[in-house]
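A quick write-up on the structure given underneath.
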């Protein structure tokens, strides 16, 4: 067991090694700058001001960091940023998740489908090394990294179905997905669990000829739901408040044709702009190569002959969702009408779960091929041991996706390291190289009004000013005596001849509050302002989400309930 775990960890490092070489501090292109920026915001808040990041003054003229669905500073891996810096912490988090994906897929293939070790290795490699992870991670969609946890989610859910205390592990994985900014993984995981629960319930109802499995599935699901809601409250409540203020509802018209599924799994290079779709081409690849696909087709036939329906149905279900918009009753269109799911786009991203089941079929195909050869005594004729042949076949199937994976990961870690020293005072500026400098803005102590945020509808106040000048404005006749800011606090000493507004150079948000009894926060054409009476005032204004207090209490309650359930102090059924 130890050798297997250490060997798989070494493989995970090997396939990602080129992300560390030749410059371990090199940053990634594309959306990596935005993801990296969010990590640097949190690190700068702590190092420069001793505060846990609640606000992001460095982007879009100032936006919530606590309520940003894609912020990842609640992830346990963020703690590595303090001794190692954000770049190495991010890369180690990527390797750790890839390793977890390999091990989890291996265990699920062994325990869920009863595959041999060689077959399970093919399933593990086909899942963890497929092109979805290669191109999404290379392009900076790091909030997709929890997708690696999908096999563990199924393992713990099935364990919870047998013994309820394992619901703690399932809920912990879902909560971790929220902490890691899993805007897509979390709702996808809910569908994955619902799908597998339906399979398990149908299997056991048919086997027992009773409705008890339905009650058991329902009780397990409700327990997982309650634990996830409380454990994840520290993220759920602030994010829900953000989405109410800045709705993220998205129209989704993209679709695929059935023959394009073959391209998804067998083509590893397109023009950057896909000729037939509205998104860039790497949204339409989960490359595994022809060898693995052929073995998977063999496995599909073997599973159907043996009435082992689960991997075939999983592939069919998630491939149908990949197809996208094909009319009002298409699977994608049906779920896209639901809350949360109406904020998602790019249905081809379901390829990550479809490929998981494809990889399981490939593992089953390898086992079926080995059994066929063994039955006909072809192995003994060539004088090869079955284990050696299985290992050779597994390597042959995985060498192509593994090679492409390593090349893609290496090719996109080529931007400069995070750099710069804090400016004399915080100010908004327009970075001359926004797409390559965004990650460095927090360390340099400056912000920007530029606002590339994917699908979020942040509103940037039109009256914000740029340049290294005072970040607080008082009306004519008034005096600004002092001003500074921290991550989620702004401070000013002003002298006003009459009642007036003091304007801060950042966006307004209703959760900013004046500390003390003097003045009230107002919205000045999208800018944060405070209405004050005449006289001299020492002004302190702080941001704290209106939901944060409740979120803390609920998360602590969830931890207590999870501990008691795991230790057996609560009734299991």
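Taken together, the values in this text are just the output of simple stated rules run on the coordinates, not laboratory data. For clarity, every value in this text was computed on a predicted model and none was experimentally measured. FYI the Cβ positions are ideal-geometry reconstructions off the backbone, even for glycines, and counts take in every protein chain you see.
Annotations
- Principal-axis tilt of helix 548-567 within the chain, Cα atoms, nearest 10 degrees: 30 degrees
- Stretch gain in nm, segment residue 338-residue 207, where the contour uses 0.36 nm per residue and the Cα spacing is subtracted: 43.9 nm
- Averaging the sequence gap over all C-alpha pairs within less than 8 Å and six or more residues apart, then dividing by the number of residues, gives the chain a relative contact order of 21 percent.
- Placing dummy labels 7 Å off each Cα toward the beta-carbon, the span from residue 320 to residue 546 is 4.1 nm.
- Between 0 and 90°, nearest 10: helix 32-49 axis offset from the chain longest Cα axis: 50 degrees
- Adding -39500 (n - 2.57) for every DSSP H run of four residues or longer, then dividing by how many residues the chain holds, sets the calculated 222 nm ellipticity at -16500 deg cm²/dmol.
- In terms of its alpha-carbon gyration tensor, segment 15-163 comes out prolate; a/c meets the 1.5 threshold, and the first ratio a/b outweighs b/c.
- One decimal place: the segment residue 46-residue 451 gains 143.4 nm when fully extended, by the rule 0.36 nm per residue minus the C-alpha distance.
- The label point for residue 396 and the one for residue 469, both projected 7 Å from the Cα toward the Cβ, are 7.2 nm apart.
- Cα gyration tensor shape of segment 212-291, rounded if a/c is under 1.5, else prolate or oblate by comparing a/b with b/c: oblate
- Packing rank of 191-199, 333-341, 164-172, where each peptide gets the mean count of other beta carbons within 10 Å, highest leading: 164-172, 191-199, 333-341
- For segment 77-183: relative contact order, % (alpha-carbon pairs under 8 angstrom, 6 or more apart): 24 percent
- Annotation for residue 199 and residue 276: the two label points, set 7 Å from Cα along the Cα-Cβ direction, are 2.8 nm apart.
- Relative contact order (percent, whole number), segment 245-309, Cα cutoff 8 Å, 6+ residue spacing: 27 percent
- Using the Stokes-Einstein relation with a Kirkwood hydrodynamic radius computed over Cα pairs, the translational diffusion coefficient of the chain at 25 °C and a viscosity of 0.890 mPa s comes to 96 µm²/s.
- Helix 167-179 and the longest principal axis of the C-alpha atoms of the chain enclose an angle of approximately 50°.
- The ellipsoid equivalent to the alpha-carbon distribution of segment 99-170 has semi-axes of 23, 17, 6 angstrom, derived from the gyration tensor eigenvalues as √(5λ) and listed largest first.
- Centre-to-centre separation between the Cα atoms of segment 225-276 and those of segment 498-552: 35 Å.
- Full extension of the segment from residue 525 to residue 305, taken as 0.36 nm per residue of separation minus the current Cα-Cα distance, would add 72.5 nm.
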